[in-house]
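This report concerns only the one structure given below.
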Amino acid sequence: MGSVPAWARVYVACVVLMALACLAPLPHLRVSWWIVALLAVLYAGCERVTLPPRPRGAGAPGGASLQGMGTFLPVLLAGAFLLPPSAAALVALPGALLARVEARPRGPRRVWRAAQLAVAVWAASRVHGALGGRDAVVTPDFPYALVPAGAAVLTFCAVLTVLDGGILALAERAPARGAWRGLFARSLAPVAVHGLAGLMMAVLWRSPYGPVAALLVLLPMYVSCWVFAQYHRERAAHQATIRALVQAVDIKDGYTRGHSERVGQASVMIARELGMDDERVEGLRFAGILHDVGKLGVPTRLLRKDGPLTPEERRVIELHPEYGHEMVRGIGFLGEARSAILHHHERLDGSGYPYGLAGAQIPEFARVVAVADAFDAMTSTRSYRRARPVPVALEELERCAGAQFDPRMVGALVRALGRHGWRPAVTADVGPSVLPGPGKPPTRPSGTVGRRSP
């Protein structure tokens, strides 16, 4: 557990103690233990089914985030609807402790996952019972049965949100203000659907048809799990495609290694500040990461040339947006990102390239990536000049806003950096300072693309 920060370990230990407190009444509980055992075995078996990989870093160190919880929550929620709180919490333990965990440290992640689920299921069962939900399930009393079930689902979601946000803030050092942002809203809809399935299981379980009929509810959930897994495998293939292209660019132009990922990060910051939806934010991340993929079509001798570029050589390098667009034209999932790859060197005043677009003619994605690209170029140390401090780079962007850059995108980046900060990266060995004098172009030792300076 050495890789987990100390405060995160304390936090996990506190949640484990909470889970043990939830389980403490078990020895004195009068309950149908065969139902507990059957649900626990069923949930454990479901957890061993091949599920889609959980999002990277989700719920670290436990991997039990709301987005990566698994597809068989109906079993847990059915337990919350059928059993007393302590017994319902016990249902989650075997499956959580036996679940596949891809990231390390695996042991603490399993313990965290088990404790988190036990506390959440206990709370949901407690609320469900307090509102008379168990009697409504046995009767069954519809539509009243939906009220305690809905309250239990809301409680389940709320507990997971609180616990997930805490571990994100402590283990992944996410900003305290943003650690919980959006977790509850993103998880409520899928967990509510699973809650309805869990309620159906509980009602059928108590009906004359018995547990066998209740288990049939899991069949459509398994199909949805398979579809979800296919989606994530396709997404993983997309990510592998992106990584391969970026690695190829980094190998060819080593002096800007890491630049693409940082441009993607800055583009995401701008997009979120502008209030774009998640799908467009992801597209902008792809756009930022792949904006220079066209360098693969530029002769290596130009990318690594010592000294300044000739006008002819500069024209060749200025073809890289078109090369990049041709390379990704057939990759359908990139969507709007393709326009950013083609037009990220256009300028608002129409003096950019490759087509000299002006103002609103330039696609929105391209205007975002242009600002992110210039910002990272200025704040990264290169072989031909040292990095500028972030405030100086932002002043330069603001000075060029309206002529070269979209003022709206520049303002969004300034606000985002004011909240989250930025850590400039060194992407090349630092040589002697070769910054140009006023009005002079920089000398250009190896490999830097002839980017228009702000």
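The values are calculated or read from the model by the stated rules, or taken from the named source; none is laboratory data. Computed from a predicted model, the values in this text were never measured in an experiment. Cβ atoms come from the backbone with ideal geometry, glycine included; neighbour counts cover every protein chain shown. Just the protein is used for accessible areas: all its heavy atoms, side chains included, with ligands, DNA and RNA removed. Shrake-Rupley method; radii C 1.70, N 1.55, O 1.52, S 1.80 Å.
Checked across region 235-243, the condition of being surrounded by 12 or more Cβ atoms within 10 Å (Cβ to Cβ) and over 18 Å from L334 (Cα atoms) holds for no residue. Elements of the type helices (runs of 4 or more DSSP H) sitting completely within region 135-227 and holding at least 1 residues that are in contact with a Ser or Thr (Cβ under 8 Å, 6 or more places away or on another chain) and surrounded by 15 or more Cβ atoms within 10 Å (Cβ to Cβ): these cover 146-171, 183-206, 210-215.
Checking the condition of a type in the set (D, E) and more than 27 Å from M409 (Cα to Cα), which residue from E312, E279 passes? If you could, list the steps in order and put the result at the bottom.
On the way: E279 fails: more than 27 Å from M409 (Cα to Cα).
Unique residue meeting the criteria: E312.
Which one of these is out of contact with any Leu (no Cβ under 9 Å at 6 or more places or on another chain) and on the phi < 0 side of the Ramachandran plot: L296, L303, L334, L309? Steps first, answer last, please.
Numbers: L296 fails: out of contact with any Leu (no Cβ under 9 Å at 6 or more places or on another chain); L334 fails: out of contact with any Leu (no Cβ under 9 Å at 6 or more places or on another chain); L309 fails: out of contact with any Leu (no Cβ under 9 Å at 6 or more places or on another chain).
Among L296, L303, L334, L309, only L303 is out of contact with any Leu (no Cβ under 9 Å at 6 or more places or on another chain) and on the phi < 0 side of the Ramachandran plot.
All conditions but one from (1) open to solvent by 30 Å² or more (accessible area, probe 1.4 Å); (2) within 16 Å of M201 (Cβ to Cβ); (3) of a type in the set (V, I, T); (4) at pLDDT below 75 apply to T71; the one that does not is (1). If the condition is being surrounded by fewer than 24 Cβ atoms within 10 Å (Cβ to Cβ) and within 19 Å of V203 (Cα to Cα), then region 86-129 contributes R126, V127, G129.
Any residue that is modelled with pLDDT of 90 or more and under 26 Å from V227 (Cβ atoms) - is there at least one of those in region 88-95?
Yes, because at least one residue in region 88-95 is modelled with pLDDT of 90 or more and under 26 Å from V227 (Cβ atoms).
Residues in region 354-368 that are over 14 Å from H291 (Cα atoms) and open to solvent by less than 40 Å² (accessible area, probe 1.4 Å) were compared, and the one that is nearest to the chain's Cα centre (by Cα) is I362.
Counting only residues that are open to solvent by less than 60 Å² (accessible area, probe 1.4 Å) and either of a type in the set (A, V, I, L, M) or in contact (Cβ under 8 Å) with a residue 60 or more places away in the chain (or both), region 286-312 holds 15 of them. Checked across region 357-369, the condition of being touching a strand residue (DSSP E or B) at 6+ places or on another chain (Cβ under 8 Å) and either at pLDDT below 95 or outside any loop (DSSP other than H, G, I, E, B) (or both) holds for at least one residue. Within region 369-391, the set of residues being β-branched (V, I, T) and either open to solvent by 40 Å² or more (accessible area, probe 1.4 Å) or touching a residue at least 40 places away in the same chain (Cβ under 8 Å) (or both) comprises V369, V371, T379, T381.
Across region 396-417, the qualifying residues are those that are free of Cβ contacts under 8 Å to residues at least 40 places away in the same chain and touching a Leu at 6+ places or on another chain (Cβ under 8 Å), and the one among them that is least open to solvent (accessible area, probe 1.4 Å) is V410. Only one of the listed residues (E395, E346) is outside any loop (DSSP other than H, G, I, E, B), at pLDDT 85 or above and among the charged types (D, E, K, R). That residue is E395. Condition check: assigned to a helix (DSSP H, G or I) and either modelled with pLDDT of 90 or more or surrounded by fewer than 22 Cβ atoms within 10 Å (Cβ to Cβ) (or both). Does R338 satisfy that? Answer is yes for this residue.
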